[in-house]
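Worksheet for the structure shown next.
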Amino acid sequence: MNPIVERVTQKIIARSQNERCQYLAKIDAAKSKTVHRSQLSCGNLAHGFAACSVDDKLSLKNMVKSNIGIITSYNDMLSAHQPYEHYPERLKNALHAVGAVGQVAGGVPAMCDGVTQGQDGMELSLLSRDLIAMSAAIGLSHNMFDGALFLGVCDKIVPGLFIAAMSFGHLPTVFVPAGPMRTGASNKEKVRIRQLYAEGKVGREELLESEANAYHSPGTCTFYGTANSNQMVMEVMGLHLPGSSFVYPDIPLRDALTDAAARQVTRMTEASGEYLPVGRLVDEKVMVNGIVALLATGGSTNHTMHLVAMAKAAGITITWDDFSELSEVVPLLCRIYPNGPGDINYFQAAGGVSLLVRELLKGGLLHEDVHTVAGFGLHRYTQEPFLEEGQLVYRDGPHASLDPEVISSLEAPFVKHGGTKVLSGNLGRAVMKTSAVPQDRQIIKAPAVVFDSQYAIDDAFNAGQLDRDCIIVVRFQGPKAIGMPELHKLMPPLGVLMDRGFNVALVTDGRLSGASGKVPAAIHVTPEAYVGGLLAKVQDGDMIQVDGTTGELSLLVEADELARRTPAQPDLSASHIGMGRELFSTLRENISGAEQGASCFKF
């Protein structure tokens, strides 16, 4: 093992010892010596199988066959989740074929940041993660199940499902992906049209046509945002079947992998004799593997919050300092749009997860000695799935990149450190996705232009007020303030300013996730302005330094001057009502800061 990776892992193990022991004791206590439904009364059980077929009723009565709970995020509005429509039927058939039963235990909400971008609904997005966890927990709380299959892909859905899975950590669990859509309009063309629209040079009709050509069919969006980062991280953590993350939704191989996921979960149940609950599968080494995968691929900065909250649900404490230390030794091996020329389908064609895992194992950057849903040892994830005469088989994956512009090697990485940088200074702590930012743009020192709302920036841009070197400060966007919306609506105008030759950056207590693009952005600033962070005292014209190379985030104003200032206190009431936001007040009030996972749960 790389000594830094080993050192960080051991620090996490030591730091988490008490909470992890308590967690493992909890899931051990929840374990059943027989099928879980045997603990139910006759009336309970009758309610639990009342709607089943005659054969399934007989199977559930006999207390021998395993019953697998299916939690689905299906809806047919969102492209990533539409493919799940027929998964329950398929999974049930595959379970029947191996002598098990499946029931849809419940559904969870699945919203799309792409639809809500720049809209009021975006202020529910981050909060939905914990709601998804609670929704899944309700489905599994009937105690009818001996294992679980989680169907989810996009931004908050997978982290929320993971947190629920850890809450039911005594159940063997497999996560079942649905795959990306095929590549549509080129990324370069999409960005070009967006920036032309921001400059008023093309109209809404041209913009809509471009967007529809990019997002055009079932499957995840093909850029490397949070959705595809979810899939990458979950596979390297061993919670997907090897090679299953980036297979198209509508081909026979995807169906075969879905069937295999159903079979595999039964092999980990108590009845199989090879019991492996997900709460024991996921340990400190597995969490470190997830962080390494994120860093090596320049994945979504949302995971600097999600992985913290996910780990906590398993009794494991990780910090931003862990990300920072690992980032110093984990090289950037992938450039996937918006960090490079090719999208996730190019990544898959260039060698995909199997090649990435091979390279990282070769460098001692991943823990090989871990449990996975495919068996013990991460070497299993250097293999790829294929169909031979209709049967699923695995073969050794590529040993070298088929496109060095998309996947590099340990010997010639794109950058010698990871794609995410933790920043700190008197403004607080933040993260920057450096993998997307040109090297000559990672150090910005400029006067602040301060906004308390993202919606005011368009007017300032259109009026030419931002045509200068500046650092755009967008504050009161944090979790407690308004739910921490993503601010991607800002990227086209800020990209235009960069193209005009200005040195610009963004500093915010809001989010940008994995699609931040080329603009240097210090995001997730904590403490947020709403709870007393120094952001609330920044004024127009104050000099700020953002340094993605050293990790500096500093307000260059004398301490005496700052002490005399009164923090801004904008009226946020309009962001707390309408579009369902009033229903989420309790979550906002109880949510933790970004560095603590932005979670409402008290693990």
- Note on the structure: A careful count of residues in the range 134-167 that are without any contact (Cβ under 8 Å) to a residue 60 or more places away in the chain and either within 23 Å of S272 (Cβ to Cβ) or hydrophobic (A, V, I, L, M, F, W, C) (or both) gives 3
- Restricted to the range 477-503, and to residues that are out of contact with any strand residue (DSSP E or B) (no Cβ under 9 Å at 6 or more places or on another chain) and in a loop (DSSP other than H, G, I, E, B), which residue is surrounded by the fewest Cβ atoms within 10 Å (Cβ to Cβ)? G501
- Which of the residues that make up the range 5-28 are over 10 Å from T317 (Cα atoms) and either at pLDDT below 95 or surrounded by fewer than 15 Cβ atoms within 10 Å (Cβ to Cβ) (or both)? E6, R7, Q10, N18, C21, Q22, A25, K26, D28
- Would you tally the residues in the range 135-180 being under 13 Å from A80 (Cα atoms) and among the charged types (D, E, K, R)? 2
- Task: Those residues that are without any contact (Cβ under 8 Å) to a residue 60 or more places away in the chain and surrounded by 20 or more Cβ atoms within 10 Å (Cβ to Cβ), I need them from the range 467-476; list them, please.
- Result: C470, I472, V474
- Query: Could you count how many residues in the range 540-575 are hydrophobic (A, V, I, L, M, F, W, C) and within 15 Å of F476 (Cβ to Cβ)?
  - Reply: 3
- Message: Residues that are basic (K, R) and within 29 Å of R20 (Cα to Cα): list the helices (runs of 4 or more DSSP H) wholly contained in the range 302-420 that include at least 1 such residues.
- Response: 303-313
- Item | Hits in the range 128-171 (condition: farther than 15 Å from K312 by Cβ and of a type in the set (D, E)) | D146, D155
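Looking at P109, P88, P83, can you tell me which residue is under 29 Å from P485 (Cα atoms) and touching a Ser or Thr at 6+ places or on another chain (Cβ under 9 Å)?
P109
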- Query: Across the range 198-215, which residue is farthest from L494 (Cα to Cα) among those that are of a type in the set (A, V, I, L, M, F, W, C) and part of a helix (DSSP H, G or I)?
  - Reply: A212
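Residues checked against (1) at pLDDT 95 or above; (2) under 19 Å from the mean Cα position of the chain (by Cα); (3) in the same structural domain as G238 (by TED's automatic domain parsing):
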position: V108; (1), (2), (3): yes, yes, yes
position: Q117; (1), (2), (3): no, yes, yes
position: A133; (1), (2), (3): yes, yes, yes
position: A136; (1), (2), (3): yes, yes, yes
position: G147; (1), (2), (3): yes, no, yes
position: L151; (1), (2), (3): yes, yes, yes
position: G169; (1), (2), (3): yes, no, yes
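The values are calculated or read from the model by the stated rules, or taken from the named source; none is laboratory data. Computed from a predicted model, the values in this text were never measured in an experiment. Note that each Cβ is placed from the backbone with ideal geometry, even for glycine, and that neighbours are counted across all protein chains shown.
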